[in-house]
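The values are calculated or read from the model by the stated rules, or taken from the named source; none is laboratory data. Just so it is clear, the structure is predicted and the values come from calculations on it, not from any experiment. With ideal geometry, Cβ positions are generated from the backbone for all residues, glycine too; neighbour counts draw on all protein chains shown. We work out accessible area using only protein heavy atoms, side chains counted, and drop any ligands, DNA or RNA first. Shrake-Rupley method; radii C 1.70, N 1.55, O 1.52, S 1.80 Å.
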Amino acid sequence: MVAVHSTARGPALGGCRMWTYDDSRSAVRDVLRLSRAMTFKAAVAGLPLGGGKGVIMLRPELQMDASRREDVLLDFADTVASLEGRYLTAEDVGTSDADMAVIARGTDHVTGLAEASGGSGDPSPWTALGVEAGLRVACERVWGTTSLEGRRIAVIGLGRVGGHLARLLAEGGAELLVADIDQGKRALADELGAAWTDPDTALRAEVDVLAPCALGGVLDDRTVPELRCRAIAGAANNQLATEGIADLLSSRGILWAPDFVANAGGIINIAVELEPEGYDRARAEPAVRAIADTMRQIFDDAATIGATPLTAAMELSRRRVAEATAASKPG
Ligand code: NAD
């Protein structure tokens with residue numbers, strides 16, 4: 001399945017998720033929900049991209065050997081090709097850069113290939129760089145400085161993004177508390193001189209900043225009343241169990257950096273690949289660091305209109321999509 005939610009600002013970009021669903025209705029719901037989220041994410045980052053998403057629905061009873069996987073990916077490539085560039089695919093949960101190379105045999109509309117193949121490579125370090133930029137702005141709002149020296153930060157999830165982020169924060173002088181369900185990540189904690197704990201303890205720890213970098217939905221009616229941090233900025237998608245949690249965080253005086261703003265570094269890096277000059281790390285870096293400016297604007301807007309950062313970020317996205325839609329209408 002491919003969902004194209006909006007092409008108002010440019011081609012609809014969104015990863016291809018390969019996942020097992022209970023039924024096709026759940027898969028359709030997911031692809032629609034995720035494509036809409038991509039529209040907001042690209043627009044708030046100011047990218048000339050719309051929102052889309054791909055889903056390859058697996059069935060639990062079907063064995064997925066290498067040859068069947070290749071067939072499935074080539075079928076997906078045909079679907080992408082049929083949209084003639086209105087949808088651009090990328091890696092997502094359940095797909096890898098090797099899968100993108102297979103899809104590229106059937107369509108040109110693939111992003112995130114290895115740098116050696118003219119692509120923008122692994123997005124994770126860029127995502128981490130953007131989260132760090134957003135996190136520093138959250139610190140600036142709460143303590144008046146972007147410096148991380150001595151700042152106590154809990155990072156939950158030391159995966160591809162969280163691992164990079166923890167390293168950047170340690171280099172910036174932060175005092176780290178880290179957690180992962182994978183005990184193998186403890187070696188990284190030791191290397192960075194970070195304290196190690198379990199994810200539940202890290203979530204409720206008395207720290208300055210919490211950086212959720214594992215799964216979504218960690219902030220809910222049960223966990224938010226128990227938080228002891230002043231700010232939250234992390235890579236995990238869909239951190240809020242429901243949108244109303246943004247109000248709960250505000251009422252507790254906790255500043256939340258909207259996840260889809262903070263974690264846009266990967267997609268910003270991909271957008272550089274689509275520029276006429278082709279991919280160049282030197283252009284990607286300032287573009288990703290500009291997440292700091294977007295975050296400042298959102299916190300400013302939120303203060304001006306007396307709303308949460310979530311509302312301000314959604315408003316900024318909507319405004320940008322509406323402007324592009326109006327500009328594309330004749331007359
Ligand atoms: P990853 O799979 O490499 O890392 C996730 C890490 O979290 C793993 O080390 C895993 O063991 C750990 N983990 C899983 N469940 C946990 C739990 N309950 N408590 C603590 N740790 C747990 O994934 P990633 O690419 O680093 O992505 C992390 C998050 O960031 C995801 O929500 C992803 O959607 C989001 N994100 C990633 C990118 C990117 O560029 N990779 C971009 C945008 C958003």
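What segment 102-195 shows is 42 Å² of accessible area per residue, with the surface traced by a 1.4 Å probe over protein heavy atoms. Using just its DSSP H runs of length 4 or more, each adding -39500 (n - 2.57), the chain gives a mean residue ellipticity at 222 nm of -14500 deg cm²/dmol after division by all residues.
Based on Cα contacts under 8 Å between residues 6+ apart, segment 130-217 shows a relative contact order of 33 percent. With axes computed from alpha carbons, what is the tilt in degrees of helix 160-171 against the longest principal axis of the chain, rounded to the nearest 10 within 0 to 90? Long axis of 160-171 versus the principal axis of the chain: about 40 degrees. Calculated FRET efficiency, T20 to A81, Cβ-Cβ distance, R0 = 35 Å: about 0.85 to the nearest 0.05. The distance from the alpha carbon centre of segment 299-318 to that of segment 15-72 is 29 Å, rounded to a whole number. Legend: calculated FRET efficiency, E115 to E149, from the Cβ-Cβ distance at R0 = 51 Å, rounded to 0.05, equals 0.95. With Cβ to Cβ distances under 10 Å as the rule, what net charge do the other residues near I245 carry (K, R +1; D, E -1)? With Lys, Arg at +1 and Asp, Glu at -1, the neighbours total -4. If you plug the beta carbon distance of D190 and E275 into 1/(1 + (r/R0)^6) with R0 = 35 Å, you get a FRET efficiency near 0.30. The amide H of A235, built 1.01 Å from its N in the peptide plane, has C213 as neighbours under 5 Å, considering only residues 5 or more places off or on other chains.
Packing around the peptides 124-134, 216-226, 302-312, taken as the average count of other Cβ atoms within 10 Å per residue, puts them in this order, highest first: 124-134, 302-312, 216-226. In a reduced charge model with +1 at each Lys and Arg Cβ and -1 at each Asp and Glu Cβ, the chain shows a dipole moment near 840 debye about its Cα centre.
For the chain, the longest principal axis of the C-alpha atoms and the axis of helix 309-328 are separated by about 30°. Of the GluC sites (Glu not before Pro) found in segment 133-201, the ones in coil according to DSSP and having at most 16 other Cβ atoms within 10 Å of their Cβ are E149. Entry note, the chain: relative contact order of 17 percent, from Cα contacts under 8 Å with a spacing of 6+ residues.
By how many degrees, 0 to 90 and rounded to 10, does the Cα axis of helix 66-82 deviate from the longest principal axis of the chain? Long axis of 66-82 versus the principal axis of the chain: about 80 degrees.
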